[in-house]
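No lab work stands behind these numbers, since they all come straight from the coordinates. Predicted model only: the values in this text are computed from it and were never measured. Backbone-built Cβ (ideal geometry, glycine too); neighbour counts: all protein chains shown.
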Amino acid sequence: MPTSAPSHKFADRPSGLISHQFKDNTMQKIDLKKYAYELNAAQNLPPASVEIPALAAIALVSHVQLAVRHPEVTEYSLKKAAIDVARQLQALFNQDSEIHKVLELGWNPDKSVYVPEGIDDWFIEDFAPEGVLDRYSKKDG
């Protein structure tokens, strides 16, 4: 296990501490040296198991696809780990299904399907079975 933080713009600080001010004006100190140590130690933990609804799996895959495109997401190993997990979730769906096809398009930025604002409400009202998305409705936050 490493004893020092990785080469990073914040790791140059002697203490390894950064402070972050949130929108509500609260402050939180983050110890990057400790974070780096814990992150490295996490590599030795056994794989985790989790049960999630299929809709949550679809949401996670699509959100990982968006997140890894962000220009500031540069940490290769974490990005690769997120993509690997998302690909495993995607593989749970039949390759001939429309869900799998739409998720596959999401890996190619040139073929992304952007949904116009309001179309999700139209889809839910006209096509989704009643109650199927209630668990994730806007009213729940």
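Inter-label distance, residue 94 to residue 77: 4.0 nm, where each label sits 7 Å from its Cα along the C-beta direction. Peptides 44-54, 83-93, 63-73 ranked from most to least packed by the mean count of surrounding Cβ atoms within 10 Å: 83-93, 63-73, 44-54.
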